[in-house]
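Enquirer: Before I ask anything, here is the structure I am working with.
The values are calculated or read from the model by the stated rules, or taken from the named source; none is laboratory data. Not measured: the values here are computed from a predicted model. In this analysis, Cβ positions are derived from the backbone assuming ideal geometry, glycine residues included, and neighbour counts consider all displayed protein chains.
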């Protein structure tokens with residue numbers, strides 16, 4: 001019998017990082033205020049797509065009569081698809097004028113009760129991905145007697161929807177016991 005052992009995994013292979021967030025999106029170890037990246041950054045790749053569409057169309061216009069096998073209708077199709085997607089990226093690159101602190105203040109005014117704990121999340125809605133703050137908030141009492149959920153447009157600051165109700169989870173007695 002031969003002595004077969006499982007191959008050892010080197011510590012470097014065990015710690016091999018396959019994917020990582022860009023530094024401006026990585027919030028680990030952050031001390032201080034976190035600034036959400038602005039949606040208007042979507043315009044940069046949109047402009048690149050439109051430029052590539054223009055190059056594809058220009059190549060087809062100049063060379064399709066001389067090299068119909070190499071430069072065919074695929075260039076036109078690529079130009080149309082790249083151009084359409086590029087325009088979608090450019091038009092969905094909304095500049096946000098409302099940060100999470102302003103959104104939390106607007107949500108407090110919208111629900112109509114003093115807010116204690118609150119949470120803000122940035123989401124997108126619609127085909128053109130308009131940025132929207134989703135705010136979940138609880139009243140200041142312990143345990144909170146009311147809760148609210150507010151959607152606020154991050155571009156113009158208007159309240160899109162709001163829900164304020166009595167908190168059905170006010171009876172915390174016996175919640176931790178096994179049944």
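Enquirer: Consider the stretch 157-179. How many of its residues are assigned to a loop (DSSP other than H, G, I, E, B) and either at pLDDT below 90 or touching a helix residue (DSSP H, G or I) at 6+ places or on another chain (Cβ under 8 Å) (or both)?
Expert: Qualifying residue count, the stretch 157-179: 14.
Enquirer: Right, residue 122: within 23 Å of residue 89 (Cα to Cα) and either in contact with a strand residue (DSSP E or B) (Cβ under 9 Å, 6 or more places away or on another chain) or free of Cβ contacts under 8 Å to residues at least 24 places away in the same chain (or both) or not?
Expert: In short, yes.
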